[in-house]
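These notes are about the structure you will find just below.
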Amino acid sequence: MSVKPATTPDGYCTNTAPVPGTIRAVNAKNTGPKYFHLHGRSYAGCPCGRTSIGVTERDNLRRHKPPQE
Ligand SMILES: [Zn+2]
């Protein structure tokens, strides 16, 4: 069992540091006009197991909840 970040009392993950190597930017040219509103946004994974979490301008993960086990 791997070490997972702590969670707040209301169930949110306290970790805000993306897992290195998981950050990816959405390129609308590859996904088509349907996803153009996502263009330029970045997503990354968290050690809690959650993936595709939005990343802020400061490279912090947005607030999220760990996956249910
Ligand atoms: Zn997390």
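Just so it is clear, none of the values below were taken in a lab; they were calculated from the coordinates. Predicted model only: the values in this text are computed from it and were never measured. Here Cβ is always computed from backbone atoms with ideal geometry, including for glycine, and neighbour counts include all displayed protein chains.
Quick look at the numbers
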| quantity | calculated |
| --- | --- |
| Estimated FRET transfer efficiency (residue 6, residue 58; beta-carbon r; R0 22 Å; 0.05) | 0.60 |
| Amide proton proximity set for residue 41, modelled H, under 5 Å, gap of 5+ | 26 |
| Theoretical FRET efficiency, 1/(1+(r/R0)^6), r = Cβ-Cβ of residue 34 and residue 14, R0 25 Å, to 0.05 | 0.15 |
| Candidates 14, 22, 31: whichever shows maximal mean-square fluctuation once the chain is modelled as a Gaussian network with Cα springs under 10 Å | 31 |
| Computed [θ] at 222 nm, deg cm²/dmol, the chain (DSSP H ≥ 4; -39,500 (n - 2.57); rounded to nearest 500) | -1000 deg cm²/dmol |
| Positive-end extreme of charge dipole, the chain - chosen from 25, 12, 54 (charges on Cβ) | 25 |
| Built amide H within the under 5 Å cut-off of residue 23, gap 5+ | 45 |
